[in-house]
Amino acid sequence: MEVHVNQIEKRSWIEIDLAQLKSNYLIYKKHLKTDADIMAVIKADAYGHGDVQVARMLSWCGCHLFAVSNIDEAVGLREAGIQGEILLLGYSSPYYAKTLFDYDLTQAIVSEDYAEALASTPFMVKCQFAIDTGMNRIGLDADDSEGCEQIIRKYYKKLNVNGMFTHLCVADTNDDESRAFTWGQINKFKAVADRIADLNLPYIHCCNSAAGLHYLDNSDTFSGIGSIVRLGIILFGLQPDPSFALPEGIAPAIAWKSAISQVKDVMPGETIGYGRTYKVEHKSRIATVTTGYADGLNRHLSNKGHVLIRGHQAPIVGRICMDQTLVDVTDIPGVRMGDRVVVLGRDGDLVYSADDMAADLGTIGYEVLCTMSKRVQRFYVSSNSSL
Ligand SMILES: *Cc1c(COP(=O)(O)O)cnc(C)c1O
């Protein structure tokens, strides 16, 4: 839904700035040392941003490569009219071979057994081999590059093989051991790619957001394996790792907002919320926020996190409830019913980002984005008029 921000009066909602996402995409591309194509990783509903809207915006920007996690996401994009390549990064039951074929989707081949199962269906499914270079998640074992070659050649004719990829599992971590491991992964992948170079597969790729910026260059190492970067988290303006500095101008595009339903004084000795986990020591102003854990506000933030109100931090007090959360507004003047609450995003000079919330939770920004619940309606706004 495209609306003016001031028209939004919800219990809990998310505003997504498509112009910021577009900037993130363009700035990221500009910072690459090569002219690699971007494959936009828009799994998990584009990390919570709405996959169809994000794919449409990126299509306008010329992006024609997309990656998702599963067949429902892929079919949803096709049914919304998204064209170009759509790669499924993970397993789909061979039962879906016809769907994969009918929707012109590209399936990751996770193992030799899986290749055989897909090849046994009547459908020439488009696919890319996953190559395991050390993550031990999915793919053919790159330690046996000859074996990889044989399997790829074997299925090259039985399936519509158009590429292969690997995943670099510590490319976001900048220490000597991680860098050595990542170069090892890249070299193993390169060894497989060199063996099948004659097949001229168009889609051979290994870089995620972090590797695109910290590894990819025009050296021989990347020739034949570096023409595509799978851009995920940095598109959404978050850091792959807290130590990973983002290029200037890349920023989160999400603002998660809510409202205050009630404000009241609570006296010393009283307790707040379920389980009575917060005991009031001094007379306090307590506000009720209309967002809870069913909206994706992680319950582990109880007595720990904060929200932003009138440009100030309001600490969460007591346990987060399913649909409501209590916050201390004693030190914030004038708070009243109907006030805006920023659960994630900017309020005046203060910012509380998904990365900040992740730090409070001991998790990663990726998880914060992906767990904002579907019931929190998304609205698309633009910070500038260029879109
Ligand atoms: C999720 C995913 C990505 C994107 O990773 P980011 O760190 O978000 O850039 C790339 N490749 C694969 C295989 C993935 O599963």
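The values are calculated or read from the model by the stated rules, or taken from the named source; none is laboratory data. Note that this is a predicted model, so its numbers are computed, not measured. Note that each Cβ is placed from the backbone with ideal geometry, even for glycine, and that neighbours are counted across all protein chains shown. Note: accessible area is taken over every heavy atom of the protein model, side chains too, but ligands, DNA and RNA are not part of it. Shrake-Rupley method; radii C 1.70, N 1.55, O 1.52, S 1.80 Å.
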What is the chain by shape, rounded, prolate or oblate, if you read a ≥ b ≥ c off the alpha carbon gyration tensor as root eigenvalues and call it rounded for a/c under 1.5, prolate for a/b larger than b/c, and oblate otherwise?
prolate
Using Cα pairs under 8 angstrom and six or more residues apart, how large is the relative contact order of the chain, in percent?
19
Please report the relative contact order for the range 268-387, taking Cα pairs under 8 Å with a sequence separation of at least 6, and give it as a percent rounded to a whole number.
23
Relative contact order of the range 208-339: what whole-number percent is it, with Cα pairs under 8 angstrom and at least 6 residues apart?
20
Farthest toward positive dipole pole in the chain [+1 Lys/Arg, -1 Asp/Glu at C-beta], among Ala130, Asn187, Ile316
Ile316
So the FRET efficiency between Arg195 and Asp356, C-beta based with R0 = 45 Å and rounded to 0.05, is 0.50
Ranked highest first by the average count of other Cβ atoms within 10 Å around their residues, in what order do 351-362, 121-132, 272-283, 228-239 fall?
228-239, 121-132, 351-362, 272-283
Measure off 7 Å from each Cα along the Cα-to-Cβ vector at Asp265 and His282, then give the distance between these two points in nanometres to one decimal.
1.5
Treating only the Cβ of Lys, Arg, Asp and Glu as charged (+1, +1, -1, -1), what charge dipole size does the chain show about its Cα centre? Round to the nearest 20 debye.
1160
Go through Tyr156, Tyr28 and list them by solvent-accessible area, largest first, probe radius 1.4 Å.
Tyr156, Tyr28
Anyone know which of Gly90, Gly62, Gly292 comes out most mobile in the 10 Å Cα GNM of the chain?
Gly62
Using the Cα centre of the chain as origin and beta-carbon charges of +1 (Lys, Arg) and -1 (Asp, Glu), tell me which of Tyr28, Gly147, Leu159 is placed farthest towards the positive end of the dipole.
Tyr28
Förster radius 25 Å - calculated FRET efficiency between Asp72 and Lys158, Cβ distance, rounded to 0.05
0.45
Under 14 Å from a point placed 7 Å out from the Cα of Leu26 along the Cα-to-Cβ direction: which residues of the range 60-97 have their backbone N that close?
60-63
Compute the length gained on full extension between Ile8 and Arg137: take 0.36 nm times their separation in residues and subtract their Cα-Cα distance, giving the result in nm to one decimal.
42.2 nm
Net lengthening on full extension, Arg336/Glu146 (0.36 nm per residue, minus Cα-Cα):
61.5 nm
Order these peptides, 65-72, 17-24, by their mean beta-carbon neighbour count within 10 angstrom, highest first.
17-24, 65-72
If you rank Thr173, Thr371 by how much accessible surface each has, with a 1.4 Å probe, what is the order from largest down?
Thr371, Thr173
Given the -39500 (n - 2.57) contribution per DSSP H run of 4+ residues, what per-residue ellipticity at 222 nm results for the chain, rounded to the nearest 500 deg cm²/dmol?
-7500 deg cm²/dmol
With Cα coordinates, the longest principal axis of the chain makes an angle with the long axis of helix 51-60, in degrees rounded to 10, of 60
Using a probe of 1.4 angstrom, how much of the accessible area of the chain is carbon and sulfur, in percent?
49
Calculated FRET efficiency for the pair Glu79/Thr121, C-beta based, R₀ 25 Å, to 0.05
0.65
Ordering Glu177, Glu112, Glu79, Glu85 by how much accessible area each has at a 1.4 Å probe, largest first, what is the list?
Glu177, Glu79, Glu112, Glu85
